[in-house]
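*Asks:* My structure is below; once you've seen it, I'll send some questions.
The values are calculated or read from the model by the stated rules, or taken from the named source; none is laboratory data. The model shown is predicted, which means the values in this text are computed figures rather than measured ones. Don't worry about glycine lacking a Cβ; one is built from the backbone with ideal geometry, like all the others, and counts go over all protein chains shown. Accessible surface is based on the protein model in full, side chains and every heavy atom, while ligands, DNA and RNA are left aside. Shrake-Rupley method; radii C 1.70, N 1.55, O 1.52, S 1.80 Å.
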Amino acid sequence: MALIFGATAGGHAAVDTSRRHDGAVAGYVAARADVAVEVEIAGAPRRLRTVGRSGLADRWAVPANLIEMHVEGRRVRAQATLLVMGGAGWDQAAPGQRLRTTGKLSAPEPGQAEAAVLSASSAPLMLSAAGSAQTGPAGLRQDFTAAAGRFDGDARGLLPGMVTGDTSSLDAELDAAMKTVGMTHLTAVSGANCSLILGVLLVALRSLRFSRVFAAVLCLAGLGLFVLMVGPDASVLRAAVMGGIGLVALAGGRPGRALSFLCLAVIGLLLVQPALSTSFGFLLSVLATLGIVVAGRPIMTWFPAAVPRWLAAGMAVPLSAQAFCGPAIVLLQPQFSAYALPANMAAAVLVAPVTVLGTAAVPLVPLVPALAAAPLGIAAAFATGVGAIARFFAGLPGAGLPWPEGAFGAATMALFSACTLAAWWLLFHPARTAALALAAHGRMVVWLNGRLPRHHGPSAPPDGAASGLVHRPGRGRLRVCKQSSGRKPQWLLPRPHAPGPPRRTPPPGAT
């Protein structure tokens, strides 16, 4: 089965690569041609933090599907995916819209799924609006971002990012602080959001006495609407597919197989879209889930029975996720977040209210704004707390320590993560730690005895003489006995105050 899946994914990737690099667009991309294109928007705009060659401060990256292009007086109709880089006007692009613009084609970065990058030189001209299927979820997202813009402080940009995945209004300083303390997964929708939404929907439907199958169907429908609203990001797709498989298994009476669900989700997504294998967001999402599934529950069992289960889970989940994601994060950002664990533990209690209340307010904002004010205000308060936690830990000394880059940095971080998990195990198992220490002591004694030189021949010590490592009972330490040649006896040095037999003195008058 592994060979069949590998061959299928390889064949799909080969066909997709040939279509992108051998089609009609490939020649114009290699020539960096100036074109006028008609495109259909395929995803939500993403704000870029770096200033490009054009010098524009506000730049947006918008995924689009090419419909036709005009180049060198010719009209070329081709199917290809583009990544449009533009300035003003591109932030209003919505999925499903048909736009016309001009720009220069260039080759994408290695690993990107798009066939070309279009550097737009003009504002987009709308040819047709999006259909109702696209405008509904996208419109909800834009309305929620506008409603969150009425708040002051970190909630203005952090609340849309944590609820709908829109990070366009996120403050640059807050974004840098969250990167420093390893909280970037909170600034956009990830698998945790999908899990919370599914959990709340399932509990609510089962509380209303719905059957298990009907509740699973309604949860899948709600999850689909949520994915349409936030956009099919890599981590959202992985979490949605895994949650869907989990719901199907739960409806069929086979719950509790999270690792199997994760494998099915990853295999299915890579078969459908092999380009996800080069996405760092998808990799980090899978690694975090793998760490929680594999190491999260065993870490929870390490805690004593007196520790509440919610506290043990609050420490075990970020620790296991950070340990598995650390080597990949170093490849993306070569630094060590010293306060990642306490920062994520402190923010964990605030993430659930922001996600649940914010998602509940999304459909209420355009329909009943007055009714949406209460959950939106509470979610904004919790989002402000998340931002304050990130800024506090990022301001502590040593928050972001440098780390080696490349494969060496990833290998050392993997070793450091393994040592961290081992240290936590030793901390919560003192009796077994002492037993392991004594066993290691005994093995070291045997090894040292085997490594000491052996003397043979006339210079060998006499029978019964101590050699090698000698343990003195009651002293608690080892000493090396000095070897004697055997030609002269070892004379004991007199000790004046030591007890011993009385010294014999000659009788009076004796000579």
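*Asks:* I'd like the residue in region 329-385 that is hydroxyl-bearing (Ser, Thr, Tyr) and open to solvent by 40 Å² or more (accessible area, probe 1.4 Å) and, out of all such residues, is modelled with the lowest pLDDT.
*Replies:* My answer is 339.
*Asks:* In addition: Give region 362-409 a look and list any residue that's β-branched (Val, Ile, Thr) and not in a helix (DSSP H, G or I), or say none.
*Replies:* Selection gives 362, 368.
*Asks:* Then there is this: Would you confirm whether or not region 308-324 contains a residue that is at pLDDT 80 or above and more than 24 Å from residue 183 (Cα to Cα)?
*Replies:* yes
*Asks:* Hey, residue 474 hits all of (1) at pLDDT below 55; (2) surrounded by 10 or more Cβ atoms within 10 Å (Cβ to Cβ) but one; which does it fall short on?
*Replies:* (2)
*Asks:* State which residue is nearest to residue 140 (Cα to Cα) when the search covers only region 151-169 and only residues that are without any contact (Cβ under 8 Å) to a residue 60 or more places away in the chain and not in a helix (DSSP H, G or I).
*Replies:* 169
*Asks:* Here's a follow-up. Six or more apart or on different chains, Cβ atoms under 6 Å: show the pairs whose first residue is in region 94-110 and β-branched (Val, Ile, Thr) and whose second is surrounded by fewer than 16 Cβ atoms within 10 Å (Cβ to Cβ).
*Replies:* Short answer, once both residue conditions are applied: 101/122; 102/36; 102/121; 102/122.
*Asks:* Are there any pairs with C-beta distances below 7 angstrom linking a residue in region 410-426 that is closer than 18 Å to residue 437 by Cα and touching a residue at least 40 places away in the same chain (Cβ under 8 Å) to a residue that is in a helix (DSSP H, G or I) and open to solvent by 40 Å² or more (accessible area, probe 1.4 Å), with the two at least 6 apart or on different chains, and if so which?
*Replies:* 424/302; 425/302
*Asks:* What are the pairs, 6+ residues apart or on separate chains, where a residue within region 180-197 that is under 12 Å from residue 226 (Cα atoms) has its Cβ under 7 Å from a residue that is at pLDDT below 75 and open to solvent by 20 Å² or more (accessible area, probe 1.4 Å)?
*Replies:* Once the first residue is under 12 Å from residue 226 (Cα atoms) and sits in region 180-197, its partners that are at pLDDT below 75 and open to solvent by 20 Å² or more (accessible area, probe 1.4 Å) give 189/233.
*Asks:* Still on this structure, please answer the following. Exactly one of (1) basic (Lys, Arg); (2) modelled with pLDDT under 80; (3) out of contact with any strand residue (DSSP E or B) (no Cβ under 9 Å at 6 or more places or on another chain) is unmet by residue 74. Its number?
*Replies:* Checking residue 74 against (1) basic (Lys, Arg); (2) modelled with pLDDT under 80; (3) out of contact with any strand residue (DSSP E or B) (no Cβ under 9 Å at 6 or more places or on another chain), the one that fails is (2).
*Asks:* Mind counting the residues in region 281-325 that are open to solvent by 30 Å² or more (accessible area, probe 1.4 Å), aromatic (Phe, Trp, Tyr) and under 15 Å from residue 266 (Cβ atoms)?
*Replies:* The number of residues fulfilling the criteria is 1.
*Asks:* Collect the residues in region 73-96 that are open to solvent by less than 20 Å² (accessible area, probe 1.4 Å) and assigned to a loop (DSSP other than H, G, I, E, B), keeping them in residue-number order.
*Replies:* 87, 93, 94, 96
*Asks:* Report whether or not residue 275 is buried (at least 17 other Cβ atoms within 10 Å of the Cβ), small (Gly, Ala, Ser) and in a helix (DSSP H, G or I).
*Replies:* yes
*Asks:* Please give the number of the condition residue 213 fails out of (1) under 25 Å from the mean Cα position of the chain (by Cα); (2) modelled with pLDDT under 80.
*Replies:* Among (1) under 25 Å from the mean Cα position of the chain (by Cα); (2) modelled with pLDDT under 80, the lone unmet condition for residue 213 is (1).
*Asks:* Tell me, please, whether a residue that is aliphatic (A, V, I, L, M), under 14 Å from the mean Cα position of the chain (by Cα) and over 27 Å from residue 394 (Cβ atoms) can be found in region 293-307.
*Replies:* Yes, region 293-307 contains a residue that is aliphatic (A, V, I, L, M), under 14 Å from the mean Cα position of the chain (by Cα) and over 27 Å from residue 394 (Cβ atoms).
*Asks:* Same structure, new question: Picking from 177, 192, 133, 188, which residue would you name as being under 20 Å from the mean Cα position of the chain (by Cα), modelled with pLDDT under 75 and not in a loop (DSSP other than H, G, I, E, B)?
*Replies:* 192
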